[in-house]
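Novice: Submitted below is the structure of interest, expressed as structure tokens.
The values are calculated or read from the model by the stated rules, or taken from the named source; none is laboratory data. Just so it is clear, the structure is predicted and the values come from calculations on it, not from any experiment. Counting neighbours? That spans all protein chains shown, and the Cβs are built from the backbone with ideal geometry, glycine included. Surface accessibility is based on the protein's heavy atoms, side chains included, excluding ligands, DNA and RNA. Shrake-Rupley method; radii C 1.70, N 1.55, O 1.52, S 1.80 Å.
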Amino acid sequence: SLPKAEAALIQKVLETNWNLKRAASRLEIARGTLYSKMKKYNIKRPAL
Amino acid sequence: MTSNIKLLFVDDEEAVRFFFREGLINEALEIETASDGVEALKKLKAFPADIVITDVRMPNMDGLTLLEEIRMRYPDIFVVVVTAYGSIEDAVKAMKAGAYDYVLKPFDFDTIRRVIEKITGHKRILEKNIFLGKEHRKGYRFENIIGQDPKMFEIFRKIMDVANTNATVLITGESGTGKELIAEAVHFGSPRRSEPLIKVNCAALTETLINSELFGHEKGAFTGAIAQKKGHFELADEGSIFLDEIGDVPIPTQISFLRVLELGTFQRVGGTRTLKVDTRVICATNKDLSHAVKEKLFREDLFYRINVVPIHMPPLRERKSDVPLLANHFLRKYCTEARKNILRISRAAMNILIRYDWPGNVRELANIVENAVIFCKGREIIPADLPEELKETTQKKGFTLGLSSISLPLAEATMIRKVLEETNWNLKQAARELDIARGTLYSKMKKYGIEKPHSGD
């Protein structure tokens, strides 16, 4: 499943310690794109 | 050549369609044509084709997708695919997906005629009520054995060839493949059809009982033998005896078997009189008897004596194109028994059945469909009606992606390309595997510049 793979990859890269700027850079996508994909796949930073 | 055969020819080139129709105009064929898979499916709603001959590479819907659709909707239609030289992988893929045969481009009409003749012969066996043993009260016919796969067709031919002889037959195959049905077809197709077919499960007989069961015993032969008893061989005199699980017969009994097979003579347990019978012997086993011979578990001379005409029943996983046919047969059978009115097996449920490997073969499929019929609440069997373990084992398999960086676009493009290659660029199937809409797949292919490699046809 492409959506599952995309969500898994984003989650993995975010776990850059949830630094969105660095994560977007590593994933080679715009930060806005990363935001919208996190929203789409409901990826949230775990509560501290 | 043939009569009343309805043929649908599918090719995107108008000239090819014209020449095809012209080339076969003198044959007793009813020919319709279509320019692609979508038009072909529309035509099939009104034109009950017996045979569909389709090109593989076509716009809108390619031949392989059309083949899948036909196997799903019209499992009785014989599909032949036309592939170009150099794209033999298309032919392999088509055969795996249930095509009856393939022809290579540029085809000549002699080849096409031969294929149609072959299919017509197969249809005749399947449909023209060839009774194997008309006099028998069961009205045994080939329809009792369901299969459209070429492997099954070869078995039907072999049965027809061997049934009228007295030759000993050894039926091999995994458990649940239908070996007993083949034994019945051989017996009821033979001149002995009005005489009994005695079935013996050798695995169910203990070593102490097997001689008495097979050859009978005299009164007082052993404790409890209060009367004379005829054995299975005697009961099968002038008929046939079916020895199932012959590989489980102990060595001492194998020697007695050899004597019956060679001379037709034996003695009852506790008796001194030699009896003679005229019995046709049909054996079956799910074991590798040649291996058992090497291991000294089965007598070599007996093996050669029973292996006169070997018939191997393929496991269901090797004839998956028969799964829809069998599943629909069992659906009708068990709906009648349970007095339920279930119209069909849904596409999603059928996909699960097709993907499963059926270790228990046809018997397992029958059990699964019977179970689904019992628990089905609606008008069609859906995945929820199937056992969980069946769905779990058929779930899409995972895979590993190798990436030079963790870039999301790179991962996406790599994954799309990999799945397209694995599905032989069948966009519908690839989109389904990737869990995205076909339109989304098109736009992503465009975005990443992914194109099918030119194959030269």
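Novice: Could you please find all residues in the stretch B:69-85 being surrounded by fewer than 22 Cβ atoms within 10 Å (Cβ to Cβ) and not β-branched (Val, Ile, Thr)? Lay out the reasoning, then the answer.
Specialist: Start the filter on the stretch B:69-85 by keeping residues that are surrounded by fewer than 22 Cβ atoms within 10 Å (Cβ to Cβ), which leaves B:69, B:72-77, B:84-85.
Result: B:69, B:72, B:73, B:74, B:75, B:76, B:84, B:85.
Novice: Could you tell me whether any residue of the stretch B:313-331 is over 17 Å from the mean Cα position of the chain (by Cα) and of a type outside the set (A, V, I, L, M, F, W, C)?
Specialist: For the stretch B:313-331, residues over 17 Å from the mean Cα position of the chain (by Cα) and of a type outside the set (A, V, I, L, M, F, W, C): absent.
Novice: So for the stretch A:9-21 (the condition being open to solvent by 60 Å² or more (accessible area, probe 1.4 Å) and in contact with a helix residue (DSSP H, G or I) (Cβ under 8 Å, 6 or more places away or on another chain)), does at least one residue qualify?
Specialist: Yes, some residue in the stretch A:9-21 is open to solvent by 60 Å² or more (accessible area, probe 1.4 Å) and in contact with a helix residue (DSSP H, G or I) (Cβ under 8 Å, 6 or more places away or on another chain).
Novice: At least 2 residues that are over 17 Å from residue B:308 (Cα atoms) and modelled with pLDDT of 80 or more in each: list the strands (runs of 3 or more DSSP E) lying fully within the stretch B:144-254 that qualify. Walk me through how you get there before you give the answer.
Specialist: On the way: elements: B:169-172, B:197-201, B:240-244.
Filter on the stretch B:144-254 gives B:197-201.
Novice: Tell me which of these residue B:424 doesn't satisfy, since it passes every other one: (1) part of a loop (DSSP other than H, G, I, E, B); (2) within 14 Å of chain A (Cβ to nearest Cβ); (3) at pLDDT below 75.
Specialist: (2)
Novice: Could you list all residues from the stretch B:397-413 that are at pLDDT 75 or above and either open to solvent by 40 Å² or more (accessible area, probe 1.4 Å) or facing another protein chain (nearest Cβ under 9 Å) (or both)?
Specialist: Of the stretch B:397-413, the ones at pLDDT 75 or above are B:407-413.
Within the stretch B:397-413, B:407, B:408, B:409, B:410, B:411, B:412 qualify.
Novice: Checking residue A:6 against (1) open to solvent by 40 Å² or more (accessible area, probe 1.4 Å); (2) within 10 Å of chain B (Cβ to nearest Cβ); (3) at pLDDT 80 or above, only one condition comes out false. Which one?
Specialist: (1)
Novice: Suppose we filter the stretch B:367-392 for residues that are farther than 18 Å from residue B:325 by Cα, among the small types (Gly, Ala, Ser) and buried (at least 16 other Cβ atoms within 10 Å of the Cβ); how many remain?
Specialist: So the answer is 0.
Novice: Kindly indicate the residue of the stretch B:68-80 that is in contact with a helix residue (DSSP H, G or I) (Cβ under 6 Å, 6 or more places away or on another chain) and modelled with pLDDT of 85 or more and also farthest from residue B:348 (Cα to Cα) among those meeting that condition.
Specialist: B:80
Novice: Checking the structure you have, find out if any residue of the stretch B:294-311 is open to solvent by 50 Å² or more (accessible area, probe 1.4 Å), more than 30 Å from residue B:256 (Cα to Cα) and part of a helix (DSSP H, G or I). Reasoning before the result, please.
Specialist: Step one: of the stretch B:294-311, the residues open to solvent by 50 Å² or more (accessible area, probe 1.4 Å) are B:294-297, B:299-301, B:304-305, B:308, B:310.
Those still in the list that are more than 30 Å from residue B:256 (Cα to Cα) too: none.
No, because not a single residue in the stretch B:294-311 is open to solvent by 50 Å² or more (accessible area, probe 1.4 Å), more than 30 Å from residue B:256 (Cα to Cα) and part of a helix (DSSP H, G or I).
Novice: Let me ask another. Scanning the stretch A:30-48 for residues that are in a loop (DSSP other than H, G, I, E, B) and not aromatic (Phe, Trp, Tyr), which turns out most open to solvent (accessible area, probe 1.4 Å)? Quick ask: steps written out before the conclusion?
Specialist: The first filter runs over the stretch A:30-48 and keeps only residues in a loop (DSSP other than H, G, I, E, B), leaving A:30, A:41-48.
This time we only want the ones that are not aromatic (Phe, Trp, Tyr), so: A:30, A:42-48.
Working: A:30: 59, A:42: 104, A:43: 14, A:44: 144, A:45: 121, A:46: 82, A:47: 102, A:48: 192 Å².
By that ranking, first place goes to A:48.
Novice: Could you say whether any residue in the stretch B:354-366 is modelled with pLDDT of 85 or more, over 17 Å from the mean Cα position of the chain (by Cα), open to solvent by less than 20 Å² (accessible area, probe 1.4 Å) and not aromatic (Phe, Trp, Tyr)?
Specialist: no
Novice: Scan B:268, B:273 and give me the residue that is open to solvent by less than 30 Å² (accessible area, probe 1.4 Å) and modelled with pLDDT under 85.
Specialist: Working: B:273 fails: open to solvent by less than 30 Å² (accessible area, probe 1.4 Å).
Exactly one residue qualifies, and that residue is B:268.
Novice: In the stretch A:14-28, which residues are more than 17 Å from residue A:47 (Cβ to Cβ) and either within 12 Å of another protein chain (Cβ to nearest Cβ) or not in a helix (DSSP H, G or I) (or both)?
Specialist: A:16, A:19, A:22, A:23, A:24, A:25, A:26, A:27, A:28
Novice: Quick one: would you say residue B:323 is at pLDDT below 90, among the hydrophobic types (A, V, I, L, M, F, W, C) and open to solvent by less than 60 Å² (accessible area, probe 1.4 Å)? It would help to see each step written out before you state the result.
Specialist: Numbers: at pLDDT below 90: yes; among the hydrophobic types (A, V, I, L, M, F, W, C): yes; open to solvent by less than 60 Å² (accessible area, probe 1.4 Å): yes.
Against the criterion (at pLDDT below 90, among the hydrophobic types (A, V, I, L, M, F, W, C) and open to solvent by less than 60 Å² (accessible area, probe 1.4 Å)), residue B:323 qualifies.
Novice: Okay, next question. Please verify whether residue B:40 is in contact with a strand residue (DSSP E or B) (Cβ under 6 Å, 6 or more places away or on another chain), assigned to a helix (DSSP H, G or I) and within 24 Å of residue B:351 (Cα to Cα), treating the condition exactly as stated.
Specialist: For residue B:40, the condition - in contact with a strand residue (DSSP E or B) (Cβ under 6 Å, 6 or more places away or on another chain), assigned to a helix (DSSP H, G or I) and within 24 Å of residue B:351 (Cα to Cα) - is met.
Novice: Could you figure out which of (1) within 13 Å of another protein chain (Cβ to nearest Cβ); (2) touching a Ser or Thr at 6+ places or on another chain (Cβ under 6 Å); (3) modelled with pLDDT under 80; (4) surrounded by 16 or more Cβ atoms within 10 Å (Cβ to Cβ) isn't true of residue B:432?
Specialist: Residue B:432 satisfies all of (1) within 13 Å of another protein chain (Cβ to nearest Cβ); (2) touching a Ser or Thr at 6+ places or on another chain (Cβ under 6 Å); (3) modelled with pLDDT under 80; (4) surrounded by 16 or more Cβ atoms within 10 Å (Cβ to Cβ) except (2).
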